[in-house]
1. Of all residues in region 1-26, count the ones that are under 17 Å from the mean Cα position of the chain (by Cα) and in a loop (DSSP other than H, G, I, E, B).
2. Could you give every pair whose Cβ atoms fall below 9 Å, whose first residue belongs to region 50-66 and is surrounded by fewer than 12 Cβ atoms within 10 Å (Cβ to Cβ), and whose second residue is of a type in the set (Lys, Arg), counting only separations of at least 6 or pairs across chains?
3. Go over the candidates Tyr113, Tyr93 one by one and state the one that is more than 11 Å from the chain's Cα centre (by Cα) and either at pLDDT 95 or above or crowded, with 17+ Cβ neighbours inside 10 Å (or both).
4. Note down all Cβ pairs under 9 Å where the first residue falls in region 1-22 and is charged (D, E, K, R), the second is open to solvent by less than 40 Å² (accessible area, probe 1.4 Å), and they're at least six residues apart or on different chains.
5. Among the residues of region 1-38, count how many are hydrophobic (A, V, I, L, M, F, W, C) and farther than 12 Å from Thr118 by Cα.
6. Being among the charged types (D, E, K, R) and surrounded by 17 or more Cβ atoms within 10 Å (Cβ to Cβ) is the filter; apply it to region 30-49 and report the residue that is farthest from Ser70 (Cα to Cα).
7. If we keep just the residues of region 16-29 that are surrounded by 15 or more Cβ atoms within 10 Å (Cβ to Cβ) and of a type outside the set (A, V, I, L, M), which is nearest to Met82 (Cα to Cα)?
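The values are calculated or read from the model by the stated rules, or taken from the named source; none is laboratory data. This structure is a prediction, so every number in the text was calculated from the model and none was measured. Neighbour counts run over all protein chains shown; Cβ positions are idealised from the backbone, glycine included. All accessible areas refer to the heavy atoms of the entire protein, side chains included, with ligands and DNA or RNA removed. Shrake-Rupley method; radii C 1.70, N 1.55, O 1.52, S 1.80 Å.
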Amino acid sequence: VQLQASGGGLVQAGGSLRLSCVADGRTFSRYNMGWFRQAPGKEREFVAAISRSGGTTRYADSVKGRFIISRDNTKNTAYLQMDSLESEDTAVYYCAADTTFRPVTTTTRLYNYWGQGTQVTVSS
């Protein structure tokens, strides 16, 4: 599974960005998808996740009410809509796929395929 993340950039605090993650292959609808981020000097952390059908979502407390994860299985794409961005959201954002058949998880180590990352910088 190859994942390609895009949509990062520089935005002012309070602004919005939408990240996209495109997967190759024809089995995208079988994967739970997640977004994670890593700020300089910090460990990679969970941001949001969505189940195969899109019916279940999970969010980190720090982004609840500001970020929305979604997916379009016809386009092999997962999205992360980020609103009301804060300087603390500055990080490299990664999308990841869990290709097993477990329920959607927030645990980083359980995602077995990762995209290359896209930089999000929020200026205050």
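1. Count: 6.
2. Ser53/Arg71
3. From the options Tyr113, Tyr93, the qualifying one is Tyr113.
4. Arg18/Gly7; Arg18/Tyr79; Arg18/Leu80; Arg18/Met82
5. 7
6. Step one: of region 30-49, the residues among the charged types (D, E, K, R) are 30, 37, 42-45.
Checking which are surrounded by 17 or more Cβ atoms within 10 Å (Cβ to Cβ) leaves us with 37, 44.
Details: Arg37: 17, Arg44: 21 Å.
Result: Arg44.
7. Ser20
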